[in-house]
Amino acid sequence: MKIGVVGKPSSGKSTFLNAACLTDAEMAAYPFTTIRPNLGTAAVRAKCPCVELGVKHCNGKRLVPIAMVDVAGLVPGAHEGKGMGNQFLSDLADADVLIHVVDASGKSDAEGNPGKGSPAADVKFLEEEIDYWMLGLLMKNWERLKRKIEMKAVKAHEAIYGQLSGLKVSEEQVKKAVRELGISHRSGREELLELVRRVRKPIAVVANKIDLPEAEANLDKLPGAIPCSAEAELALRKAAEKGLIAYTPGDSSFTVKAKLPEKQEKALEVIRGVMERHGGTGVQQAVDYAAYKLLGLIVVYPVEDENKLTDKKGNVLPDAYLMPKGSTALDLAYRVHTDIGDKFIGAINARTKKRVGKGYILKDGDVIRILV
Ligand SMILES: Nc1nc2c(ncn2[C@@H]2O[C@H](COP(=O)(O)OP(=O)(O)OP(=O)(O)O)[C@@H](O)[C@H]2O)c(=O)[nH]1
Ligand SMILES: [Mg+2]
């Protein structure tokens, strides 16, 4: 699973990535600081079953890894080659979900330069860029695909899914949209545009720079957006790494553990105020929202001993995997290793100690031993 971080230049994408992944991507107050994509590993919060099942692992707050990519800024017309053009749209191809980092302060224009911006317009243009990009991919081959559909060599949804499958769109959604829109070999640009709107990757909108009063004032223009200060989260995570504060990503507050210089103490108190107003910095909230609400993922814990809940070496609940809802015991086996999937003969639900078959639908928080 992978989260793509998108938005116009200078909206704070790389800061968001660094805050979520503790990476060292370059951040700066000028557009197109990022050109080549930055990769990191973020974490989704989960309730570790260790507490409930009485084994020692953590305090119940589990962080499950998820890949994240931060790409170059998008400007209106990117799909036609404006700004950095289309390249970074391909950098997003294998993302399952997007987090759109909007500069909610409205203090940068559409190209990311200091000036007047419209956060609401930013949300719209970004969606359009993604749609036109996907439309472009479809239109490029539409004449050929159309003929195949007309000759009944392939069904419309198969042809379209085949063309878009590299983008990690859902086959089910493509099928549903093709049916509902009545897409056939007679369909044209407008109908295909409506189709890509329906099947594109889900997008979580983040109202970034909420530490600035201008951003706070703009929140009502971004309905449904998650208020966020990537800069605050980054500062907290760095301070926590140095042992200066106690803070777990996603917490609504933090505690200071060391005597700090006055300037740093003041900066932290400003951050505390932002967190009090919004229930946290918003970075972890956005990652969790993308994973759980938009992708509907569940977390599953494979073990090799269903009684001690350990692997062979005695590590308690060693792994946690994010999986799509509806995944089966066999899917989990393949996720652990292709070999394990090939040799699968059954599984044991460690909570009930009952044996389950390959078709068993995994539940969030399941602890499973796979039998090979
Ligand atoms: N006040 C405030 N500034 C922020 C926040 N997040 C990022 N910034 C600032 O915004 C500027 C741009 O940040 P980047 O993370 O480089 O933005 P980007 O979207 O990756 O930019 P490009 O790579 O150029 O597209 C920097 O000066 C950051 O310090 C935030 O939450 N609050
Ligand atoms: Mg950047």
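Things worth noting here:
- Once the chain from ASP364 to TYR334 is taken as fully extended at 0.36 nm per residue, the excess over their C-alpha distance is 9.0 nm.
- Averaging the Cα positions of each part gives two centres, and for region 193-227 and region 313-372 these lie 36 Å apart.
- Difference of contour (0.36 nm per residue) and Cα-Cα distance, LYS82 to THR248: 55.8 nm
- With all pairs of separate Cα atoms included, the chain yields a Kirkwood hydrodynamic radius of 22.5 Å.
- Gain upon complete extension [LYS313, GLU172; 0.36 nm per residue less C-alpha separation]: 46.7 nm
- The chain, relative contact order in percent, only Cα pairs under 8 angstrom and at least six apart counted: 15
- Per principal axis, descending, Cα span of region 225-328 in whole Å: 52, 35, 16
- For region 131-199, the equivalent ellipsoid built from the Cα gyration tensor has semi-axes of 16, 13, 12 Å, listed from largest to smallest.
- Per-selection Kirkwood Rh - region 1-69 (Cα, Å, 1 d.p.): 13.6
- Label-to-label distance, nm, for residues given as GLU265 and ARG186 (7 Å Cα→Cβ offset): 7.6
- When the convex hull of its Cα atoms is viewed from all sides, region 35-74 shows a mean projected area of 3.4 nm².
- Cα radius of gyration and Dmax for region 299-371 (Å): 10.8, 30
- In plain terms, if you count all Cα to Cα distances in region 18-57 and split them into 10 Å steps from zero, the share in each step is 23, 30, 21, 14, 11, 0 percent.
- Of the DSSP H helices in the chain, those whose Cα atoms cover at least 30 Å axially and whose Kyte score averages -1.0 or more: 119-140
- The simple spin-label model puts a point 7 Å past each Cα toward its Cβ; for ASN113 and ASP94 those points are separated by 3.6 nm.
The numbers here are math on the coordinates, done by the rules we state, and not lab data. Keep in mind that this is a model prediction, so the values were computed, not measured. When we count neighbours, we look across all protein chains shown, and the Cβ atoms used for this are built from the backbone with ideal geometry, even at glycine.
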